[in-house]
Amino acid sequence: MRIVVAVKYVPDINAERRFVDCRVDRDPGVGTLNELDENALEAALRILDALPEDEREASEVVALTVAPTDGDVALRKSFQMGVDRAVRVTDDALAGSDYFGTAAALAAGVRRLEADGGPVDLVITGMAALDGLGSVVPALVAAELGRPALTLAKKVDVADGTLTVTRETDEATETLAAPLPAVLSVADTANTPRMPNFKLIMAARTKQIEAWSAADLGLDAAAVGTAGARTEAVSAAPRPPRPEVELVVDKGEGGTALAEYLIRNELV
Amino acid sequence: MPTTEPTRNRTVLVLLDPATEVRSSTLELLTLGRALGRVEAVTLEAPTVEVLAQLGAYGVETVHQAEIPTDALAAAGGDGARHLPSVVAATLAAAVRRTDADVVLAPATFGAKEAAALAAHELGAGLVIDAAAVEEDEVGRVVAGKRVFAGAWDTRCVVTADVAVLTVRSNAVVPEAAAASVATEVDPLPVALAGTAGVVVTSREVKERAPGRPTLEEAAVVVAGGRGTGGDFGPVEEFADAVGAAVGASRDAVFEGWFDRYIGQTGVTVAPRLYVGAGISGAPHHRGGMQAAQVIVAVNSDPEAPIFEICDFAVVGDLADVLPQAAAALRAHREGAGA
């Protein structure tokens with residue numbers, strides 16, 4: 001079993017996030033592994049943990065990211081959780097990629113991994129990146145690779161070359177199946193990511209991160225990055241701060257005060 | 001914005017899936033669409049008579065109803081496969097090609113986002129996910145406004161491709177019927193479905209919608225309960241009924257098994273006129289799903305709760321006391337007003 005987990009380096013949601021020149025400010029001081037990718041890494045590691053020992057020995061989980069060198073933070077964290085290998089795709093030509101450029105770069109990374117080391121059975125992602133929150137890259141990676149996509153899985157099962165997932169959509173509870181190779185995205189309810197142990201934390205410090213350029217992947221520079229993007233950011237501005245909160249301490253009249261506030265402001 | 005006349009003769013397609021009811025989010029898309037051009041609808045199944053009448057009132061003359069090869073559908077698990085993002089995407093792409101449409105508008109559900117992305121991929125279109133506003137710039141390009149980073153920033157982006165595909169958040173605009181209602185025709189749309197790349201729907205259980213309450217995504221007023229409820233959503237529900245609100249929860253409350261749907265950046269994202277959080281501390285995850293609300297009210301017994309930092313009005317107190325008292329006062333007010 002060979003699994004690629006696509007991970008993203010994002011600003012910590014607990015930090016003050018901002019834009020610089022219409023792009024997300026990736027200040028290395030607050031950059032981190034996208035928290036939802038931990039669910040993807042956990043899903044991958046559990047699939048391998050369930051294999052018989054000889055099969056586990058012949059398997060690998062590769063963390064793949066498209067990012068500048070700062071993205072190594074996300075890959076180090078992936079090593080800490082237990083991935084075998086980490087690859088970063090870095091190229092100035094990829095800056096400013098839209099959803100399609102990002103998906104093309106990730107798909108090209110998967111194809112390169114296949115050319116080097118044999119078929120990749122599964123590509124796993126988190127349900128969203130916490131900076132952009134688009135949730136569409138997994139489906140687009142699948143489209144680029146011509147593989148089925150089972151997304152937003154709450155429950156994951158891999159057996160006999162078939163991936164089965166259960167998921168909750170806005171409309172329905174569904175069970176879906178698809179043959180491997182496939183693309184999977186897991187919901188944040190799918191599992192509880194493991195805490196890195198001391199041994200892995202120490203080992204992660206010195207593990208080698210491989211770096212590839214757009215050319216290494218055979219990516220057409222005109223099709224990715226700002227050059228290939230079909231949308232263009234034209235402005236980004238912080239919202240004005242909210243007015244001071246009107247605070248009432250309940251001494252028996254708190255509910256009445258709340259009702260009066262809503263009536264006074266014509267909110268009900 | 002909805003009342004301005006479009007400057008270009010665009011065709012705008014609005015995704016209507018399912019086609020058994022017209023939700024407020026669809027009415028909002030139709031209203032937005034009319035400001036950009038002539039609006040047509042795309043469905044995966046036959047719309048009901050009531051649906052057609054509502055579409056007519058919003059100015060839709062044509063509904064493109066997908067005709068999907070039955071063998072392709074059967075191979076993907078039958079009727080439930082009709083709503084798979086790959087099938088919806090193939091339908092949207094076919095509709096764009098047939099009508100030479102310029103804009104596709106879809107709601108901001110996870111399924112519609114994927115379908116929109118796959119259709120845009122196939123068409124080489126520009127894609128915007130979760131727009132909070134859609135308009136045209138001075139040279140007639142489609143511009144989308146987004147509220148990001150948990151409602152802390154506003155961004156705008158322009159679509160530079162010929163076709164623009166956008167998913168739009170609920171409550172982006174107030175629905176407004178067309179000046180004159182029109183007759184609505186259903187036009188069969190042949191969809192050459194190459195397949196679903198091997199995806200098979202093995203079971204699909206459609207969720208019941210709570211009668212008498214708006215859905216969380218679409219509600220103008222949302223009341224949410226968190227850890228502070230201690231598992232008793234009674235006061236939350238009573239208050240919600242008094243203000244006609246949808247009910248949601250924090251992720252913690254859902255993990256505890258107290259409620260089924262949570263508001264948050266990975267759950268349901270809401271942008272109502274009024275949000276009331278009860279017993280919710282306001283963790284970043286939750287704020288990411290509600291901070292775009294116009295007015296934020298919180299009730300929490302902890303005076304240090306972070307949610308108070310982003311509130312317009314707050315009560316420090318026990319929600320089990322505060323909410324029933326407020327609900328009673330609001331009911332009395334409504335009766336006094338004769339409504």
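The values are calculated or read from the model by the stated rules, or taken from the named source; none is laboratory data. Source: prediction; values computed, not measured. Positions of Cβ are backbone-derived with ideal geometry, glycine not excepted, and every protein chain shown enters the neighbour counts.
Observations on the structure shown:
- Restricting attention to the stretch B:285-307, the residues that are surrounded by 21 or more Cβ atoms within 10 Å (Cβ to Cβ) and in a helix (DSSP H, G or I) add up to 7.
- Matching strands (runs of 3 or more DSSP E) fully within the stretch A:87-170 where at least 3 residues are hydroxyl-bearing (Ser, Thr, Tyr) and either more than 29 Å from A:Pro68 (Cβ to Cβ) or modelled with pLDDT of 95 or more (or both): A:162-168
- Hits in the stretch B:302-336 (condition: over 32 Å from the mean Cα position of the chain (by Cα), more than 8 Å from chain A (Cβ to nearest Cβ) and closer than 22 Å to B:Gly231 by Cβ): B:Asp302
- Conditions (1) buried (at least 17 other Cβ atoms within 10 Å of the Cβ); (2) in contact with a His (Cβ under 9 Å, 6 or more places away or on another chain); (3) without any contact (Cβ under 8 Å) to a residue 12 or more places away in the chain: number failed by A:Ile263: (1)
- Filtered by the rule that a residue be among the polar types (S, T, N, Q) and not in a strand (DSSP E or B), the stretch A:19-78 gives A:Asn34, A:Asn39, A:Ser59, A:Thr69, A:Ser78.
- Number of the exception - A:Lys77 against (1) farther than 25 Å from A:Leu217 by Cα; (2) buried (at least 16 other Cβ atoms within 10 Å of the Cβ): (1)
- Members of the stretch B:157-198 that are surrounded by 21 or more Cβ atoms within 10 Å (Cβ to Cβ) and hydroxyl-bearing (Ser, Thr, Tyr): B:Thr167, B:Ser170, B:Thr184, B:Thr196
- Once the stretch B:199-227 is narrowed to residues that are over 23 Å from the mean Cα position of the chain (by Cα) and within 13 Å of chain A (Cβ to nearest Cβ), the residue that is surrounded by the most Cβ atoms within 10 Å (Cβ to Cβ) is B:Val199.
- One residue stands out in the stretch A:202-232 among those that are over 26 Å from A:Ala86 (Cα atoms) and surrounded by 19 or more Cβ atoms within 10 Å (Cβ to Cβ): the one that is farthest from the other protein chains (Cβ to nearest Cβ), namely A:Gly228.
- The listed residue being out of contact with any His (no Cβ under 9 Å at 6 or more places or on another chain), in contact (Cβ under 8 Å) with a residue 60 or more places away in the chain, surrounded by fewer than 17 Cβ atoms within 10 Å (Cβ to Cβ) and over 30 Å from A:Gly146 (Cα atoms), out of B:Asp241, B:Asp260: B:Asp241
- Screening B:Val128 with (1) within 8 Å of another protein chain (Cβ to nearest Cβ); (2) surrounded by fewer than 23 Cβ atoms within 10 Å (Cβ to Cβ) gives one miss only, at (2).
- Any hit, the stretch B:54-64, residues being crowded, with 24+ Cβ neighbours inside 10 Å and within 14 Å of chain A (Cβ to nearest Cβ): no
- Criterion applied to B:Ala89, B:Ala72, B:Ala95, B:Ala112 was being under 16 Å from the mean Cα position of the chain (by Cα) and either away from chain A (no Cβ under 11 Å) or in a helix (DSSP H, G or I) (or both), and the one residue passing it is B:Ala112.
- Considering residues of the stretch A:129-177 that are among the charged types (D, E, K, R) and under 17 Å from B:Gln265 (Cα atoms) only, the residue nearest to the other protein chains (Cβ to nearest Cβ): A:Asp170
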